[in-house]
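Take a look at the structure below.
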Amino acid sequence: MVEILVIGYGNDLRSDDGAGRVVASRIEAADHPGVIVRSQSQLTPELALDIARADVVVFVDANVDCKEMAVHPVHAGDRGAHSMSHHTDPTTLLLLAGDLGRVPPRAHSVSIPATNLELGFDLSPATAAAVEEAVEAIAGIVSMHHDS
Amino acid sequence: MVVIDPVTRIEGHAKITIALDDAGSVSDCRFHVTEFRGFEEFCKGRPVWEMPSLTARTCGICPVSHLLASAKAGDAIMGVKIPDTAVKLRRIVNLGQIIQSHALSFFHLSAPDLLLGMDSDPAARNVFGLMAEEPELARRGIMLRSFGQGVIESIAGRKVHSPGILPGGIAEQMTEETREHLIEGLVDARKTAEDALVLFTGMLDTFEREVRAFGSFPSLFLSLANDDGLWEHYDGHLKVVDAEGNTVADGVAPSDYRSIIGEAGRRDSYLKSPYFKPNVGPDDDPLEGIYRVGPLARLNVCERMGVTAADEALTEYRERAGGVATSSFFYHYARLIEILAATERMADHLADDTVTGPHVRAYAGVNQHHAVGVSEAPRGTLFHEYQVDEHGVLTDVNMIIATGQNNLPMNETVLQIAKEWIDGPTIPEGILNRIEAGIRAYDPCLSCSTHAIGMMPLVVTLVAPDGEVVSEVRRG
């Protein structure tokens, strides 16, 4: 079976910033076969080990620059000046996964619109609605890869 | 004046301002932290029982440290002595935290400087350049970090914001399967630590100038200590030694930390500047009470590591340092010894059959209204002080974070590096990197020390005596 890794990340004390982690918990609760879920406050370098083992990886994050939920393909970054800190980004992680073994054949980035990043636990109505769309979109990605 | 903005490969936002005198020589330096989060205010009004998981979210880098300090404050609010098995599990999870954090600091963040060179191509001076030059080392560094994260996950339930550490103890007992899995993983972890120590000591002599100029100055050193003089990371009392190894304060109960630690604010940074209070009078500069925390301090405070291989490494470390290590470049060296000690200590804990015992939690209500919880985070001593009402709702919170306590030393380190290498109004890239590397030696986590979150760009500005900006460098 195709192994799909879903990584939801963000700060769940910062209202909409935690949307990726809300999606991660929803996907985990759905218990899709072959799907591994990681819920992170931020992307960390050792995630590259999990990514190198996966066939498909889905990054889910809140984004203040997008107006509606969107799914885009994401690719390993160009080799060059990558300043990795205690946290990193999807393109850098994919590049590192390649150095550790292989880049997954498919990688997707799910962006969830965020408007309120103030201290708090609750999602704004627009972000909460986008979370539902993201959960549905990821379920579609899982079905597509498992049916193919 | 020179400004470096942003500082890279550290956690948070900062900038550096370097002032020149009339002769064009470096006269002063300021490390500014430019983020603010105000986390302590956010905690007021929350139940003390929520605080471990809430404060762990102060930081995604060392959440276990906050969990432990907060849970220990919670233990004290309850007025309980937690079960011995819970103490062992908390110690194991903190050792896992030290391993994963130090592994990232050394292998990912600082090894590119050390192995590829301070003056090497900045485009390749990162983990990918390291992967190209030293692929096995880089891979093993990531595996070591992953092992430490796995320890945290297996005991505390999750790598980040772990729910398993609570006031009163630990949520669940350890299974035999987990115990055996961790014992297996320790073999590679220890080998990686030993090999990294050999690698580091083999190249240390090539960094003679950095050892001399990367924060090499007398200061006090503070950490937790125990009555046996062994390396301590979880419990015990506060101890302070000076640059000659003399004991300046000892046996200070964590709850009395305010008797020895004062906190000064500065107009140009959100990072507070804690200082050793007995050395600073009302009109004195807090610099009179400068002290360092973290791996360097812990190794200066303890008499022995208490485990075989790390004690041998400590003996060589002290020979190379000439006794007390006063150069912040030795933070790297100290981290590697602590990783090795952590693997040995963890093996000892896991060899104890009581570690899988079922009694892992004590239960009680609010029996005290004020408490302090202290633990040793990878970066240094971490304080959580809580005041609660009769229902356990927080009415006041104070946190003193390791990186904050290293604020004055980081300033002195940057000044020393600037004086050693800057000559004239321009800053070559290699010198800029040395200034950053001087800060990176402390492995600062500004996200929680300022109670802020974000990435860590840096600006360096070079300013003339009349205030004119001579040059400015930005990165990140």
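The values are calculated or read from the model by the stated rules, or taken from the named source; none is laboratory data. Remember, it's a predicted structure, so these values are computed and weren't measured experimentally. Here Cβ is always computed from backbone atoms with ideal geometry, including for glycine, and neighbour counts include all displayed protein chains.
The number of residues in segment B:299-310 that are assigned to a helix (DSSP H, G or I) and farther than 23 Å from B:N406 by Cα comes to 3. Scanning segment B:387-418 for residues that are part of a loop (DSSP other than H, G, I, E, B) and of a type in the set (D, E) yields B:D389, B:E390. The test for being modelled with pLDDT under 95, more than 18 Å from the chain's Cα centre (by Cα) and more than 14 Å from every other protein chain (Cβ to nearest Cβ) holds for A:S148. Restricting A:L119, A:L95 to residues that are within 14 Å of chain B (Cβ to nearest Cβ) and without any contact (Cβ under 8 Å) to a residue 60 or more places away in the chain narrows the list to A:L95. On the stretch given as segment A:1-35, residues that are without any contact (Cβ under 8 Å) to a residue 40 or more places away in the chain, part of a helix (DSSP H, G or I) and in contact with a Ser or Thr (Cβ under 9 Å, 6 or more places away or on another chain) total 4.
Where in segment B:192-298 are the strands (runs of 3 or more DSSP E), entirely inside, with at least 3 residues that are farther than 14 Å from B:A325 by Cα and not aliphatic (A, V, I, L, M)?
On the way: elements: B:220-225, B:237-241, B:247-252, B:261-266, B:269-276.
Because the criterion is at least 3 residues that are farther than 14 Å from B:A325 by Cα and not aliphatic (A, V, I, L, M), the strands (runs of 3 or more DSSP E) in segment B:192-298 that meet it are B:247-252, B:261-266, B:269-276.
When each of B:A103, B:A111, B:A138, B:A132 is tested for being hydrophobic (A, V, I, L, M, F, W, C), without any contact (Cβ under 8 Å) to a residue 12 or more places away in the chain and within 13 Å of chain A (Cβ to nearest Cβ), the lone residue that passes is B:A132. Of the numbered criteria (1) within 14 Å of chain A (Cβ to nearest Cβ); (2) at pLDDT 80 or above; (3) surrounded by fewer than 24 Cβ atoms within 10 Å (Cβ to Cβ), the one B:E41 fails is (2). Looking only at residues of segment A:36-46 that are touching a helix residue (DSSP H, G or I) at 6+ places or on another chain (Cβ under 6 Å) and not in a loop (DSSP other than H, G, I, E, B), we find that the one that is farthest from the other protein chains (Cβ to nearest Cβ) is A:V37. None of B:V248, B:V252, B:V240, B:V293 is surrounded by 13 or more Cβ atoms within 10 Å (Cβ to Cβ), among the aliphatic types (A, V, I, L, M) and within 22 Å of B:F106 (Cα to Cα) except B:V293.
Among the candidates A:E28, A:E3, which residue alone is over 12 Å from the mean Cα position of the chain (by Cα), at pLDDT 90 or above and away from every other protein chain (no Cβ under 14 Å)?
Numbers: A:E28 fails: away from every other protein chain (no Cβ under 14 Å).
Checking each option against the conditions leaves just A:E3.
I'd like to verify a number: residues in segment B:346-397 that are in contact with a Leu (Cβ under 9 Å, 6 or more places away or on another chain) and hydroxyl-bearing (S, T, Y), how many? Residues flagged as in contact with a Leu (Cβ under 9 Å, 6 or more places away or on another chain) and hydroxyl-bearing (S, T, Y) within segment B:346-397 amount to 3. Among the residues of this structure, B:V80 does not count as one that is at pLDDT 90 or above, more than 13 Å from chain A (Cβ to nearest Cβ), under 21 Å from B:G168 (Cα atoms) and crowded, with 24+ Cβ neighbours inside 10 Å.
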